[in-house]
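Only one structure is covered here, and it is reproduced in the block below.
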Amino acid sequence: MALEGIHHITAVTGDANANVDFYSGVMGLRLVKQTVNFDDPSAYHLYFADEAASPGAALTFFEYPGAPPGLPGAGMVHTIIWRVGSAKALDFWKARLRDAEMSVLHEGDLLTFCDPEGLAYQLVVDDSDDAPLSASSPEIPAEFALRGFGGVRAYAQQPQASAELLTALGFAPDGGASSWLLGGAERSATLGYDEPPLDAARPGAGTVHHVAWSAADDAELDACIAKANGAGAQPTGIIDRQYFHSIYFREPSGVLFEVATRDVGFTIDEPLEQLGLTLQLPEQYEQQRDSIELKLTPLNNPRAGS
Ligand code: ZN
């Protein structure tokens, strides 16, 4: 068994509607789930993904209204890498993001920009054989759509400290001591470490909370628990997250890792066509639905009513 690249990436936003406007509107992702943070049901947990709500393309946000901007530092993911299909797609996104009055840096085959809260992205031309995971959007020609995650970059003081754990989990060195490749049978992803800035890490809006790697099922989570323990990490037990089962641990460089399963999925509580249109709550919060809904900001979902 091998982990199949990234399952999802979770970040923090201070403004759910601005977040939906940007990721659904500008970036053309599909809002596939409106739910709450299961550890704090007063906060939204919004999931954006491809059309089929696939692991490998799921970008999720906890909303803490008005949260001050954070700053990634040592032990945090600072950049998310998305794949696109061609150099022409980079040109398309450069023009589209500039039209949205965002600053974009185009260097060679890399396009770098930040979302409105400062979360950094790189678009890279996809040189993998992985199936593209794209959403359909009226404003984005299919050949230019985002195709899922290529990887993440994190800050670490001593990235070599993570080598034993990463190797145990199935990561392989990818050209240099700070670059790793997690290559499964179906999907792959990269993990790169960079020297941290002098300022201390400050979690907040526009920062990544954790990255989740993709496992098949609970048996693979059990195997990961054993591997993480063997490499000195302290994994949690298996937690039911409604749409997947998960374990969590910090890797030695400080980045919060999750490993999440592909065996449940986002259609467990609403059909594929209806994904993301209404607030979904797990059973333990269903009785509190009225009070939870009162506290959440109503969302302007571009697909609602269409
Ligand atoms: Zn997660």
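State to the nearest 20 debye the size of the charge dipole of region 1-107 about its Cα centre, where the only charges are +1 on K and R beta carbons and -1 on D and E beta carbons.
Once rounded to the nearest 20, the dipole reads 280 debye.
Assuming 0.36 nm per residue, please report the length gained on full extension of the stretch Met102 to Asp21 beyond their Cα-Cα distance.
27.8 nm
Could you calculate the contour length gain from Glu195 to Ala95, that is, 0.36 nm times the residue separation minus the distance between their Cα atoms, to one decimal place in nm?
32.9 nm
Rounding to the nearest 20 debye, state how big the charge dipole of region 6-295 is about its Cα centre with +1 on each Lys and Arg Cβ and -1 on each Asp and Glu Cβ.
460 debye
Could you derive backbone 3J(HN,Hα) for region 222-229 from the dihedral phi with the Karplus parameters 6.51, -1.76 and 1.60 (θ = phi - 60°), listing whole Hz in sequence and x where the residue is Gly or Pro?
Result, rounded to whole Hz: 4, 5, 5, 4, 5, 5, 5, 4.
Starting with the highest mean, order 229-242, 257-270 by the number of other Cβ atoms within 10 Å, averaged over the residues of each peptide.
257-270, 229-242
Out of residues 5 or more away from Ser178 or on other chains, whose amide H comes under 5 Å of its own, with H placed 1.01 Å from N in the peptide plane?
none
Less than 20 Å apart at the alpha-carbon level, and either on another chain or at least 8 residues along: which aspartates and glutamates does that give for Lys227?
Straight-distance partners of Lys227: Glu4, Glu164, Asp217, Asp218, Glu251, Glu258.
At a 1.4 Å probe, what is the % contribution of carbon and sulfur to the accessible area of the chain?
Carbon with sulfur: 51 percent of the solvent-accessible area.
Where a ≥ b ≥ c are the square roots of the eigenvalues of the C-alpha gyration tensor, would you call the chain rounded, which needs a/c under 1.5, or, failing that, prolate if a/b is larger than b/c, or oblate?
Working: a/c = 1.40, a/b = 1.10, b/c = 1.27.
Rounded.
Using θ = phi - 60° and the Karplus form 6.51 cos²θ - 1.76 cosθ + 1.60, what ³J(HN,Hα) does each residue of region 72-89 get, whole Hz, x for Gly and Pro?
Using θ = phi - 60°, the values come out as x, x, 3, x, 10, 5, 10, 9, 10, 9, 10, 8, 10, x, 6, 5, 4, 5 Hz.
From the residues Gln34, Ser86, Leu105, which one has its Cα farthest along the dipole of region 6-295 in the positive direction, the dipole being from +1 and -1 charges on Cβ of Lys/Arg and Asp/Glu about the Cα centre?
After comparing all options, I get Leu105.
Using alpha carbons only, how many angstrom separate the centre of region 206-269 from the centre of region 141-178?
Rounded to whole Å, the Cα centres lie 16 Å apart.
Please list 60-67, 98-105 highest first by mean number of surrounding beta-carbon atoms within 10 Å per residue.
Per-residue mean Cβ counts within 10 Å order the peptides as 60-67, 98-105.
Positive end of the charge dipole of region 6-295 (Lys, Arg +1 and Asp, Glu -1 on Cβ, about the Cα centre): tell me which of Pro141, Gln122, Ala212 has its Cα farthest that way.
Gln122
Along region 203-212, what does the Karplus equation 6.51 cos²θ - 1.76 cosθ + 1.60 (θ = phi - 60°) give for ³J(HN,Hα), rounded to whole Hz, x for Gly and Pro?
Using θ = phi - 60°, the values come out as x, x, 4, x, 10, 7, 8, 7, 10, 10 Hz.
Could you calculate the FRET efficiency of Gln288 with Ala161 from 1/(1 + (r/R0)^6), where r is the beta carbon distance between them and R0 is 51 Å, rounded to 0.05?
0.75
The values are calculated or read from the model by the stated rules, or taken from the named source; none is laboratory data. Computed from a prediction, not measured in an experiment: that's the story for all the values here. Neighbour counts run over all protein chains shown; Cβ positions are idealised from the backbone, glycine included. To get the accessible areas, we keep the full protein, side chains included, count just its heavy atoms, and leave off ligands, DNA and RNA. Shrake-Rupley method; radii C 1.70, N 1.55, O 1.52, S 1.80 Å.
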